[in-house]
Amino acid sequence: MNSIYAEKLSHLIEFFSFTCSHCIKSEPLLVQVLNKTHAQYMPVVMVQSGEQVGTAMVYYACIKFGCGWQFRNAYFNAIVNGSQPYSSKILIDVLNQVTNKPNEVLNLAKSPEIQQKYVLDQKLVQQYKVNSTPTWVINNQYKIEGDDVISQFLKD
């Protein structure tokens, strides 16, 4: 495991869920690691039921709109404060917090480009045999799990 952390972090894939308390906990750590390492980052939403697909698609659309991080933060905060996950109400509330063009984001979420991102990400879930969140893939070769395992990249 030490060999993972001896390498320079150049690429980080995060498999996460919007309702996972460990993912919520690891969010500030993730931001610190990305700020320090400048690693190429790819988020992958773990979808475990049909009701979760819409949230993933809207999040991917928010990334294209430049408000992906704001969406994550607002969604995580809504969950922590007791909002019903994966409902249309939480999506609309969060979108209204992060953009003044929620309808444009919703339209983009239905586009072939976003659908393709979703399909490719679900293939990554299968390729890396991801069963829990958060799971991290380091430099496209090492898979590690847990909410604080990436903290090792903050050490000098």
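The values are calculated or read from the model by the stated rules, or taken from the named source; none is laboratory data. All of these numbers come straight from a predicted model, not from anything done at the bench. Don't worry about glycine lacking a Cβ; one is built from the backbone with ideal geometry, like all the others, and counts go over all protein chains shown. Accessible surface areas use protein heavy atoms only, side chains included; no ligands, DNA or RNA. Shrake-Rupley method; radii C 1.70, N 1.55, O 1.52, S 1.80 Å.
Once Lys and Arg get +1 and Asp and Glu get -1 on their Cβ, which of 46, 76, 20 lies farthest toward the positive end of the dipole of segment 1-78? Projecting each Cα onto the dipole axis, the largest value belongs to 76. Dipole size of the chain about its Cα centre, with +1 on Lys/Arg Cβ and -1 on Asp/Glu Cβ: approximately 200 debye, rounded to the nearest 20. What's the local net charge at residue 36, with K and R +1, D and E -1, over the other residues with C-beta under 12 Å away? Net charge around residue 36: +1. For residue 123 and residue 156, the FRET efficiency from 1/(1 + (r/R0)^6), where r spans their Cβ atoms and R0 equals 41 Å, is about 0.70.
For the pair residue 25 and residue 107 in one chain, pulling the backbone fully straight at 0.36 nm per residue adds 26.5 nm over the alpha carbon distance.
The DSSP beta bridges internal to the chain are antiparallel in roughly 55% of cases. For the pair residue 96 and residue 10 in one chain, pulling the backbone fully straight at 0.36 nm per residue adds 27.6 nm over the alpha carbon distance.
Put simply, when 64-73, 111-120 are sorted by average Cβ atoms within 10 angstrom per residue, most first, you get 64-73, 111-120. At 1.4 Å probe size, with the rest of the protein present, what percent of the exposed accessible area of segment 115-156 is carbon and sulfur atoms? Carbon and sulfur together cover 45 percent of it. Helices of the chain meeting both criteria, an alpha-carbon length of 20 angstrom or more along the long axis and an average Kyte-Doolittle score not below -0.5, with helices taken as full DSSP H segments, are 21-37. Provide the net charge surrounding residue 117, with neighbours chosen by a C-beta distance below 12 Å and charges set as Lys +1, Arg +1, Asp -1, Glu -1. Residues close to residue 117 contribute a combined charge of 0. Can you pull the percent of segment 1-112's accessible area that's carbon plus sulfur, 1.4 Å probe, other chains left in place? Of all accessible area on segment 1-112, carbon and sulfur atoms account for 52 percent.
For residue 40, the amide hydrogen comes within under 5 Å of the amide hydrogens of 11, 12, counting only partners 5 or more places away or on other chains and with H modelled in the peptide plane. Taken over the chain, the convex hull of the Cα atoms encloses 106 Å³ per residue.
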